[in-house]
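Notes for the one structure printed next.
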Amino acid sequence: MKNQDSIINNNYYLYILINNKLSAKEINKYFEDNCPNNIIFEDDLLYENTASTKWLLSEISIKYKDDKLYIKSPVLYTNENTIPRYSGMIYMKLLTPQMVQGIKSIFF
C-alpha cells in the first residue's frame, strides 16, 4: 500500500482523506477476537529500500515461550527516492484467516 506521507505529498491523491498510519501489528490484531488472550503481537520488523531482498526472504515470526505466542510481521518501507511508481510504499506480510486457524490448532 502507499504510505500516508507519500499520499499527502502527491497531487494525484489530493482529495483523499488520510487516517492514522496502520502497522502490520495493528492489522494482525484484527484477528485477536479469533485468538486466545495469550497471543502477543510484537512491533513490526522493519526493513528499508536496501534490504528488500532480506524482506522477501523473511517470514512472519511466530515464537511460543512461557505459554505465550509472540507474532512479529516483517515490513518493507520504500522511501521517496526510489522509482516513482514504487516510492513511498509499505509492503507487509500479514496473517491470513487460514494462518490464524493453523496457529490455533498447533498451539492451543
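The values are calculated or read from the model by the stated rules, or taken from the named source; none is laboratory data. Note that this is a predicted model, so its numbers are computed, not measured. Quick reminder, even Gly has a Cβ in these numbers, built from the backbone with ideal geometry, and neighbours come from all protein chains shown.
Here are a few things to note about the model shown:
- Selection within the stretch 60-71 - free of Cβ contacts under 8 Å to residues at least 40 places away in the same chain and not acidic (Asp, Glu): Ile60, Ser61, Lys63, Lys65, Lys68, Leu69, Tyr70
- Qualifying residue in the stretch 72-79 (condition: in a strand (DSSP E or B), at pLDDT 80 or above, more than 11 Å from the chain's Cα centre (by Cα) and surrounded by 16 or more Cβ atoms within 10 Å (Cβ to Cβ)): no
- For Thr53: the one exception among (1) of a type outside the set (Lys, Arg); (2) surrounded by 11 or more Cβ atoms within 10 Å (Cβ to Cβ); (3) at pLDDT 80 or above: (2)
- Qualifying residue in the stretch 30-38 (condition: surrounded by 15 or more Cβ atoms within 10 Å (Cβ to Cβ), of a type in the set (Phe, Trp, Tyr) and modelled with pLDDT under 75): yes
- The stretch 50-71 - residue that is assigned to a strand (DSSP E or B) and aromatic (Phe, Trp, Tyr) and, of those, farthest from the chain's Cα centre (by Cα): Tyr64
- Residue within the stretch 86-101 that is touching a helix residue (DSSP H, G or I) at 6+ places or on another chain (Cβ under 6 Å), in a helix (DSSP H, G or I) and more than 27 Å from Thr50 (Cα to Cα) present: yes
- Residues that are small (Gly, Ala, Ser) and more than 20 Å from Tyr30 (Cβ to Cβ) within the stretch 55-84 comprise just one, Ser58.
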